[in-house]
């Protein structure tokens, strides 16, 4: 059997709040502490304008503010991005050397291996750790079956029961409080929800994601909609569109991007902007940051910032026939939204 991975991450996070993880790497004993995450958050939250971890909040890091029942808080803080940023900041001496050795993804992988290889029955085994080891073995069996049937990859994120929980919640809410329906009542409620396409609102504070019923109830929307074929763009045209804004070589300015790149098979997947585009982004950030405090209360804030940026910077940096005129508008709109909402 398998336990839901998001809830396992929540259990691991709850244990890490008051326990350190001790593991061995190449024969050397290492120790990971929650204080590394706290230090990372304190540094990142003090960065002006643009944070490296904008989704990391005090409700996910500070012990007295953490909502322990919320799965998404645990998933955000135990993500690969947090691990990579922690390793990068440690490599440039912003964080301690211990933080680099204790990046959470690496730490958890070694922690799991250590737990699955332990032979001492007296060793403390939290239920979360036991269920996590069982879940990994279960997914290995699932992958073997899928691989034998020609499926080479699986999205573990889809292994959840959120759709089922939302569906039963809608069934119980139908007819005010229908907690114990008969077979006839269940069938009647199902038909009603099917035709209404599960239009009931998502329960506030519930411990599952909103899915609008697409996974559980059949939608009739496709019977009444007409779809137009999307025009395909040839591969050589795509290369022309990004050639003016992306660099063919990587410089030291891209160290943070390199740290975040997944690099499967040592192949870089992210786009690396050239010097002109990088300077445009930096100058735009500086202009918005300089002018925002004095006009942040204005009703037409976006219009004013757009005029200021247009008058001070040349945003027309690409010569694409199809998107040359569209790029400045999209770029300025995105940068204003990014800085103001951050």
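The values are calculated or read from the model by the stated rules, or taken from the named source; none is laboratory data. Model, not experiment: these values are computed from the prediction. Please note: Cβ atoms are built from the backbone with ideal geometry, for glycine as well, and neighbour counts cover all protein chains shown.
Points worth noting:
- Residues of segment 22-64 classified as more than 21 Å from residue 94 (Cα to Cα) and surrounded by 15 or more Cβ atoms within 10 Å (Cβ to Cβ), total: 2
- Extreme residue, farthest from residue 312 (Cα to Cα), among residues of segment 237-278 that are at pLDDT 75 or above and over 27 Å from the mean Cα position of the chain (by Cα): 275
Per-residue answers, yes or no, for (1) part of a helix (DSSP H, G or I); (2) closer than 18 Å to residue 276 by Cβ; (3) at pLDDT below 90; (4) in contact with a strand residue (DSSP E or B) (Cβ under 9 Å, 6 or more places away or on another chain):
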{"site": "286", "(1), (2), (3), (4)": "yes, yes, no, no"}
{"site": "291", "(1), (2), (3), (4)": "yes, no, no, no"}
{"site": "302", "(1), (2), (3), (4)": "yes, no, no, no"}
{"site": "305", "(1), (2), (3), (4)": "yes, no, no, no"}
{"site": "309", "(1), (2), (3), (4)": "yes, yes, no, no"}
{"site": "316", "(1), (2), (3), (4)": "no, yes, yes, no"}
{"site": "319", "(1), (2), (3), (4)": "no, yes, yes, no"}
{"site": "322", "(1), (2), (3), (4)": "no, no, yes, no"}
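- Number of the exception - residue 39 against (1) closer than 23 Å to residue 133 by Cβ; (2) at pLDDT 80 or above: (1)
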